[in-house]
Structure formats: structure tokens, C-alpha cells
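A quick write-up on the structure given underneath.
The values are calculated or read from the model by the stated rules, or taken from the named source; none is laboratory data. What you see is a predicted model, and the numbers here were worked out from it, not measured in a lab. Reconstructed Cβ throughout: ideal geometry from the backbone, glycine too, with neighbour counts over all protein chains shown.
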Amino acid sequence: MNKISYEKWQQMPQDEKDSTPEEMLPEISPEKLENSLTRAVCKRMDGVIGWETTQTVPNGSNTRWFPEFRQKDVMGQMVWYRFDPTCGLYSMNLSETEPTMEEEPIGSYGMQWMHFMETQHPQLVELMELRNQYLTVARSVDKAAWEYRELLDSQYEQINPRPTDFNQTVAWEQARMFFSDSAVMREKVLIPVTTP
């Protein structure tokens, strides 16, 4: 298998990078390297993509591995940095940001999905935050859940027609809500999805 070029690697979406076989991960040709770097090879360590670089230093060379992304607390704000393997330095990750919850609120199913992900799959949350997709995925889950809920509600009503008696209607509404809500939670919300 041929290695992917660094130029193509830079254009690939993160999910494709994550699924790229180890033997296809890019290596940057020495003539494109700066700051006394002599080698830069993309490698995974414990499932995390990063770059192993070799740099000429006094008395020989120094080989180290750097994760592609790092997070740092800057005055209470978590900031992501991306490693540039051509020069061996981190720079702020200035990729597009997603709307905040204040700018574009997230519905109840999206909020429940976020709670589920943060408690059960925090490592996936970190990856989505890294890609500026966490809130976008939450909005997508919320939208899909509500659409599914409407479908289930209408199917329930077709199978079980709404009664005319007030007390029976209250019981019917509770049964329909339980039927639809439990199915939505099980099939749409409590699932560790990572893409919108």
C-alpha cells in the first residue's frame, strides 16, 4: 500500500484519518522540513494520531512523538492546538467553530444525549470537541430523535385510536408518551454517535 501524501492528509476529514491503516499514514519528505528536522512520520500511539519527528541537535539527534492535537487551559478557556510536522511546532487550531448553545439552543433529546456521552464516552466527546462537532452532533441527534418521536406517535395513534372519554384519554396519552419516549431514548439518544 502507498502512503498518503501529506497534502492529501491535510484535506482529509478526521473520520477518514482515524480509519486510515497504519501503513498508509503519511511521511513528509526531508526537503519540506524546517527547524533542523530530518524526519516526520505520522504514527498512532494508544489510538491517538500524532507525528514522530527526528531533529538534529548538538551531539546527535532527538526523536519524539507529538499528538496531532493538544488542549491547553488559557485563562479558563480550553484552547486546541495542532501540531505542524513540517516545522515541529504547535499552533492554535483556528478551524471553523460551531454555534454556541446560546446562539443555537439544543433540545431536550440532544441535551440527554450530551449527558449520556459525557458520562459514558468522554473520550469520544473530547474527539468531537477537537473537531468542533460536539454541539453540531447534539443538534443532529435532537432533530432525528424528535422526527422519530413524531413518527412513533402517529403510528401509535393508528394502532390505538384516541378515546373520547377524558379519563381514558389521559391514560392513552401517558401510554403513548411512554411507548414513544422509551423507543426514542433506546434507538436514537442513548447511542454513541460521533458524526452529524
Exercise. Please determine, by comparing only the residues of the stretch 63-88 that are loosely packed, with under 13 Cβ neighbours inside 10 Å and modelled with pLDDT of 85 or more, which one is nearest to Arg131 (Cα to Cα).
Key: Arg64
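Report yes if Pro196 is surrounded by fewer than 16 Cβ atoms within 10 Å (Cβ to Cβ), within 21 Å of Met128 (Cβ to Cβ), modelled with pLDDT under 95 and not hydroxyl-bearing (Ser, Thr, Tyr), otherwise no.
Values: surrounded by fewer than 16 Cβ atoms within 10 Å (Cβ to Cβ): yes; within 21 Å of Met128 (Cβ to Cβ): yes; modelled with pLDDT under 95: yes; not hydroxyl-bearing (Ser, Thr, Tyr): yes.
Spelling it out, Pro196 is indeed surrounded by fewer than 16 Cβ atoms within 10 Å (Cβ to Cβ), within 21 Å of Met128 (Cβ to Cβ), modelled with pLDDT under 95 and not hydroxyl-bearing (Ser, Thr, Tyr).
Within the stretch 127-166, can you find the residues that are small (Gly, Ala, Ser) and surrounded by fewer than 13 Cβ atoms within 10 Å (Cβ to Cβ)?
Step one: filter the stretch 127-166 for residues small (Gly, Ala, Ser), giving 138, 140, 144-145, 154.
Ser154 - this is the single residue of the stretch 127-166 that is small (Gly, Ala, Ser) and surrounded by fewer than 13 Cβ atoms within 10 Å (Cβ to Cβ).
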Quiz prompt | Checklist (1) surrounded by 15 or more Cβ atoms within 10 Å (Cβ to Cβ); (2) closer than 15 Å to Met185 by Cα applied to Ile106, failing item | solution = (2)
Practice problem: Could you look through the stretch 167-193, keep only residues that are over 16 Å from Tyr109 (Cα atoms) and polar (S, T, N, Q), and pick out the one that is surrounded by the fewest Cβ atoms within 10 Å (Cβ to Cβ)? | Solution: Asn167
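Out of the strands (runs of 3 or more DSSP E) lying entirely within the stretch 1-79, which hold 1 or more residues that are small (Gly, Ala, Ser) and over 18 Å from the mean Cα position of the chain (by Cα)? Outline the logic, then answer.
Details: elements: 37-45, 48-57, 60-67, 69-74.
Where strands (runs of 3 or more DSSP E) fall fully within the stretch 1-79 and carry at least 1 residues being small (Gly, Ala, Ser) and over 18 Å from the mean Cα position of the chain (by Cα), they are 37-45, 60-67.
Among the hydroxyl-bearing types (Ser, Thr, Tyr), loosely packed, with under 11 Cβ neighbours inside 10 Å and within 20 Å of the chain's Cα centre (by Cα): does that describe Thr100? Spell out the reasoning first.
Numbers: among the hydroxyl-bearing types (Ser, Thr, Tyr): yes; loosely packed, with under 11 Cβ neighbours inside 10 Å: yes; within 20 Å of the chain's Cα centre (by Cα): yes.
When the stated conditions are applied, Thr100 passes them.
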